[in-house]
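**Q** Take a look at this one; I'll ask things after.
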Amino acid sequence: KPYTKAIIDAGFPNVQEERLEGVMKYLEFCLKQVVANNELGGIMELLNGEFLMPAPGGDPIRNPDVLPTGRNMHALDPSAIPTQAAVEVAEDVTRKLLEKLMDENGGQYPESIAFTLWGTDNIKTYGESLAQVLALVGVRP
């Protein structure tokens, strides 16, 4: 297959083609959704006063349901964040952060840690930033 040859040519000679099939099928799906270009059609439906189907927004790698584009995007469902995956990542990140800060502070925990909670970050990461704050105060959703 062409992608197997490209991967080998890129310096990965031990590629196992059968392990790539699922990823390649997903990437093909994503590409078809992206090039479908539903944006203009969606705008025209809205301008004509028609109903535009709602859909989640975010990163298509983390949530394939964001594709195709051109729908009435909603940012997030507050009852669905942080996700379990976001909690797991956040716990690892906060553990590493505390270790680093303690190393820099003679083995002492910092007196305070500041966070900026951007809405778009929480949308894209399904609540990782929020989960980091929760982990630091000892709460597990």
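**Q** Would you mind stating whether Glu39 is of a type in the set (Asp, Glu) and modelled with pLDDT of 90 or more?
**A** no
**Q** For Met53, indicate whether it is open to solvent by 90 Å² or more (accessible area, probe 1.4 Å), modelled with pLDDT under 90 and farther than 21 Å from Leu31 by Cβ.
**A** Yes, satisfied.
**Q** Shifting gears a bit: Name the residues in the stretch 76-93 that are open to solvent by 50 Å² or more (accessible area, probe 1.4 Å) and either among the β-branched types (Val, Ile, Thr) or touching a helix residue (DSSP H, G or I) at 6+ places or on another chain (Cβ under 6 Å) (or both), would you?
**A** Leu76, Val89, Glu91, Val93 - these are the residues of the stretch 76-93 that are open to solvent by 50 Å² or more (accessible area, probe 1.4 Å) and either among the β-branched types (Val, Ile, Thr) or touching a helix residue (DSSP H, G or I) at 6+ places or on another chain (Cβ under 6 Å) (or both).
**Q** Restricting to the stretch 101-116, and then to whatever is open to solvent by less than 90 Å² (accessible area, probe 1.4 Å) and assigned to a loop (DSSP other than H, G, I, E, B), can you tell me which residue is farthest from Val89 (Cα to Cα)?
**A** Within the stretch 101-116, the match that is farthest from Val89 (Cα to Cα) is Gly106.
**Q** Only one of (1) open to solvent by less than 40 Å² (accessible area, probe 1.4 Å); (2) closer than 29 Å to Lys25 by Cβ; (3) modelled with pLDDT of 85 or more is not met by Leu67, so which one is it?
**A** (3)
**Q** Looking only at the stretch 88-141, which residues are small (Gly, Ala, Ser) and either touching a Pro at 6+ places or on another chain (Cβ under 7 Å) or touching a residue at least 12 places away in the same chain (Cβ under 8 Å) (or both)?
**A** Within the stretch 88-141, Ala90, Gly119, Gly127, Ser129, Ala131, Ala135 meet the criteria.
The values are calculated or read from the model by the stated rules, or taken from the named source; none is laboratory data. Since this is a predicted model, take the numbers as computed values, not measurements. Ideal geometry is used to build each Cβ from the backbone, glycine not excepted, and the neighbour counts take in all protein chains shown. The accessibility values were calculated without ligands, DNA or RNA, using every heavy atom of the protein model including side chains. Shrake-Rupley method; radii C 1.70, N 1.55, O 1.52, S 1.80 Å.
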